Structure formats: C-alpha cells, structure tokens
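Derivation of every value follows stated rules applied to the coordinates shown; laboratory data play no part. Keep in mind that this is a model prediction, so the values were computed, not measured. Cβ sites come from the backbone with ideal geometry, for glycine too, and all protein chains shown count toward neighbours.
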Amino acid sequence: MTDTLIVGGGTAGCVLAARLSEDPNHTVRLLEAGPLWTTPDAIPAALRDATRLPLAADASWLWHYPVRLTDRGGTTNIVRGKVFGGSSAVNGSYFVRATGADFAAWAAAVESSRCWSSDAVLPAYRRSENDRDFGAQPWHGQSGPIPVRRTANPAPVSAEFAAACAVEGFPAVADMNAPDGTGDGVGLVPCNTEAGRRVSTAACYLLPVAARPNLAVHGSVSVVRILFRGTDAVGVEVLRDGRVETFSADRIVLSAGAIESAAILQRSGIGPAEHLRALDIPIVHPAPVGGWCTDHPEIGLEYRLSVPECAAVPLEYVLTIDDIEIRPYTVPFTPGQWRLGVALMRPESAGVLRLRSADPAVPPAIEYRYLAAEHDRTRLRAAVATATEIIRKMGATACTDPMPGPPHAADDWLHANLATSQHLSGTCRMGPANDDRAVVDELCRVHGVDGLSVVDLSVVPVPLSRGPQATTVMIAENVAGFPVR
C-alpha cells in the first residue's frame with residue numbers, strides 16, 4: 001500500500017514527490033499524464049531552451065483548453081504543460097514571488113495567518129531557490145534546487161524599455177523578490193534558468209531523486225477519477241495503454257493544476273450537486289469546485305522598433321504599477337513586431353469552471369468573465385494609456401490601433417484586444433469550512449472527505465499580483481511540511 005499517491009507530475013507534483021520521499025519510511029507514487037524522460041539531457045531540446053516558448057499547436061507536451069474570455073465573444077485556446085514539470089517545463093521561466101499584500105489577503109481569506117502569511121511562507125520560498133544574485137540576503141536561499149538569476153546582458157528591446165521607464169520617472173527595483181522589492185518600478189525578472197536552459201521542477205526536484213526505492217514514478221497515465229469508500233478516498237482509477245487500472249493509497253493528493261484538479265474532483269463526485277446530477281455523476285460530497293477562479297487579463301500592444309533580435313528569456317524586465325504589470329516581451333509573436341503586454345494582476349472579475357461531460361477526454365467549460373467589473377475596465381484603460389506612452393518614449397512605432405478616448409469606445413477596444421496571461425488559479429479555493437466558496441482547508445485537505453488533498457495553484461483564494469510559478473513551488477514546499485493527516 002502506498003502512503004501518498006500524487007496525481008499530476010507538474011510544477012507542484014514534482015516538488016511534493018521529492019520532498020515527501022525524503023523520508024525513507026514514507027512511500028510515494030507519482031502519476032503524470034505526460035511522458036517521462038529519465039534524465040535532464042533526454043528532455044527534448046525545445047523544452048530545455050529557455051529563450052523560446054515551446055507552444056506549437058501540435059506539441060505533444062501540451063494540454064489544450066477552449067476558454068471564453070468575456071460574456072461578449074467566442075472562445076480562444078489556452079495551454080498547460082502535459083509533461084513532468086508541467087507548465088514549469090514550457091513557460092517563460094518567470095520566477096517572481098507573490099507580494100506581502102497578496103499574503104495578507106490570503107491569510108484573511110482562510111481566517112488564519114498560521115500557514116499562509118508572508119512570514120509563514122518565507123521559509124518555503126527560501127528552500128526552493130538557489131538565488132545566484134541575492135542568495136546571501138536573509139530573505140533568499142542559496143541551497144535550494146531551483147537556480148534563480150536575473151539577466152546580466154539584457155536584449156536591446158529590454159534595455160530600450162527600461163530606459164523609457166526611467167525617463168517616465170519609474171524607479172528601478174533591484175530585487176523583485178525582496179520584501180521591499182514589491183512596490184512600483186521597473187526591475188529585472190528573476191528566472192529559473194541555468195546556462196540558457198529552462199530548469200523545470202522535473203529537472204531539479206524529481207529526476208535527481210527518481211531512483212529512491214520508496215518513490216514510484218509513472219508517465220503516460222491519465223487519472224479518470226478518485227475512488228471512495230463512503231467519504232474516504234482510497235485510490236484512483238486510471239487509463240494506461242488503453243486499459244483501466246486502479247492504484248490504492250492511504251492519502252491521495254491532486255497536483256494536476258487548476259484545470260485538471262478541479263475536473264478530476266468533479267468527475268469523482270465532489271462538486272456542485274445539481275451540475276453533477278445533470279451529468280449522471282454520483283455525488284460523494286457537494287462542494288463549490290470550479291465556482292470561482294481568477295486569471296490575469298492581458299492586452300498586447302504591438303510595435304516596431306529597429307533593434308536586433310537576440311536569444312533571451314521571453315521576459316527580462318517588467319514594470320509594476322500597483323495592480324498592473326507591463327511586460328516587454330523579447331520573443332516576437334508577430335514577425336517584424338515586438339509586443340508590450342499590459343496585464344491586470346488583481347482583477348475583481350472572477351470566472352467559473354464546469355465539466356461538459358463525465359468523459360475525461362472532453363475538456364471542461366471555462367468562462368473567465370473578464371471585464372465584468374467596472375474596476376477592471378478602468379484600471380486596464382489607464383494601464384494601456386501608460387504603456388502607449390512608454391512605446392512612444394522608446395521611439396517605437398505603434399502597430400496596434402490606438403485605444404479610443406471615450407470610456408464606452410475604449411471598453412469596446414479592450415474587449416476586441418483582450419487576451420489572457422494563462423495564470424488560472426482558485427478553482428479549488430482555500431478557506432474555512434463555513435465559507436461557501438471553499439473547497440479545501442488551510443492545510444489543503446478537501447472539506448467533507450478524508451484522505452484527499454489538493455496541492456497546486458487551484459487552492460489559491462485570492463488573485464496573485466505576480467505570475468504564479470514561484471508561488472506554486474512554494475505551495476508544494478509549504479504543504480510538504482504539514483502533518484500527513
């Protein structure tokens with residue numbers, strides 16, 4: 001019998017498997033839907049290259065999901081990593097911590113500062129990193145698995161952006177992961193890279209310990225549902241090589257990401273009762289799974305600038321202005337053009353995730369419901385105006401049609417140019433048992449059942465002011481130190 005069975009070998013799952021299996025008397029089994037490569041050098045070159053985003057439409061290492069961004073329009077598609085390391089294996093290597101204000105809101109949401117205040121999570125952040133620039137500082141780590149560094153030689157487009165921000169009067173932020181480095185200003189992005197390689201949690205946490213006798217790792221295994229005896233989670237049903245199999249364990253942990261963890265819970269009978277009945281899914285415990293989620297709406301402003309393209313991480317600098325992040329991408333999304341991303345980091349609008357079918361091959365319905373709140377539209381209008389001025393200060397030529405002046409016309413423009421940062425979180429929201437939006441408690445245990453936890457970005461109960469990768473790693477590091485039951 002396995003002590004802990006982890007569903008999902010993504011960003012969080014690799015961390016959790018490595019940490020829990022440090023105890024030789026604790027057996028761990030890790031299941032991942034994507035392929036397993038047994039050494040870092042066996043990982044495909046496209047996944048190792050930190051200067052490119054390996055997001056081709058036909059890439060075998062991606063999940064694809066249709067999403068509806070607003071109540072006005074049709075659908076677009078988002079992707080997630082379907083591979084050991086999850087999205088840490090395919091993303092832009094941005095490794096910035098959430099802010100003190102985020103953790104104050106998080107602690108308030110769970111009605112406790114015991115586990116999720118800034119002070120409580122700092123040791124987990126430090127355990128994860130080997131910061132090559134500021135590791136000697138007390139708020140950083142020097143012995144963690146993840147190398148963290150800022151570029152020493154920014155690409156020309158990045159340098160032009162930073163210079164324009166200085167002209168506009170924005171201060172320089174030396175360390176975006178410092179306790180006092182989370183205010184307004186322009187700063188170099190901490191990245192989880194090594195010699196031009198993207199360092200996923202699979203490469204630095206899982207593979208070095210995969211041979212432990214108490215750790216079993218399985219790739220190409222798709223989890224259909226959790227198995228229960230009454231309200232006790234006792235195992236999982238999976239598909240492997242076209243066959244149905246089961247794995248049993250004392251404790252089941254979902255670390256399949258904000259989309260798949262929520263979908264697995266709903267397929268297993270934990271979710272909105274009326275919705276599950278409509279899909280003929282037997283109810284184990286009614287819960288608000290997928291009833292609230294959040295992401296960062298993003299507007300892309302295209303421009304031309306006569307600077308050479310060079311190999312660089314996709315994002316070397318960001319400008320933060322309260323709840324806005326402005327991003328000068330180094331990777332052209334349109335040939336001959338650069339892009340400035342304008343993202344709202346603490347939106348008030350929230351979305352929902354629901355199953356379309358009990359069939360695991362059918363992706364869930366995801367509605368972001370962006371721009372529903374007037375606050376969000378107001379903040380994005382102001383942010384686009386600031387970004388437009390920065391493009392002008394860079395001496396660049398704008399390619400995106402300008403945003404109109406009247407608010408109603410500007411809102412139409414926002415809808416027409418809207419995209420997403422692909423940072424979905426909160427589908428299995430954390431909170432106390434009396435919170436009608438909460439799915440897990442502050443220890444990440446699912447309310448109403450035993451032996452089942454969720455440990456990934458889906459538990460975060462508030463919008464995060466920074467991209468989520470570093471915080472996802474922190475969540476797994478933090479939970480690894482919690483009581484097993």
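Counting charges near Arg80 (Lys, Arg +1; Asp, Glu -1) among other residues having Cβ under 14 Å from its Cβ returns a value of -3. Taking the Cα centroid of the range 5-65 and of the range 194-223, what is the distance between the two, rounded to the nearest whole Å? A separation of 6 Å, based on Cα centres. Taking every C-alpha pair closer than 8 Å and separated by at least 6 residues, the mean separation divided by the residue count of the range 2-480 gives a relative contact order of 22 percent.
Among residues other than Asp175 with Cβ under 14 Å from its Cβ, the summed charge is +2 (Lys and Arg +1, Asp and Glu -1).
Summed over qualifying helices (DSSP H, 4 residues or more, each -39500 (n - 2.57)) and divided by its residue number, the chain shows a 222 nm mean residue ellipticity of -6500 deg cm²/dmol.
Of the peptides 240-246, 136-142, 364-370, the ranking by mean beta-carbon count within 10 Å, highest at the top, reads 364-370, 136-142, 240-246. Considering only Ile366, Ala164, Trp116, and ranking their Cα positions along the charge dipole of the chain that arises from unit charges at the beta-carbon of Lys, Arg, Asp and Glu, the one farthest toward the positive end is Ile366.
Using the Cβ of Gln266 as centre and a radius below 10 Å, the other residues enclosed give a net charge of +3, where K and R count +1 and D and E count -1.
Once the Cβ-Cβ distance of Arg437 and Arg212 is raised to the sixth power relative to R0 = 35 Å, the FRET efficiency obtained is 0.35.
Among Thr294, Leu305, Val284, which residue has its Cα positioned farthest towards the positive end of the charge dipole of the range 275-320, with +1 placed on the Cβ of Lys and Arg, -1 on the Cβ of Asp and Glu, and the dipole taken about the Cα centre? In the range 275-320, that residue is Val284.
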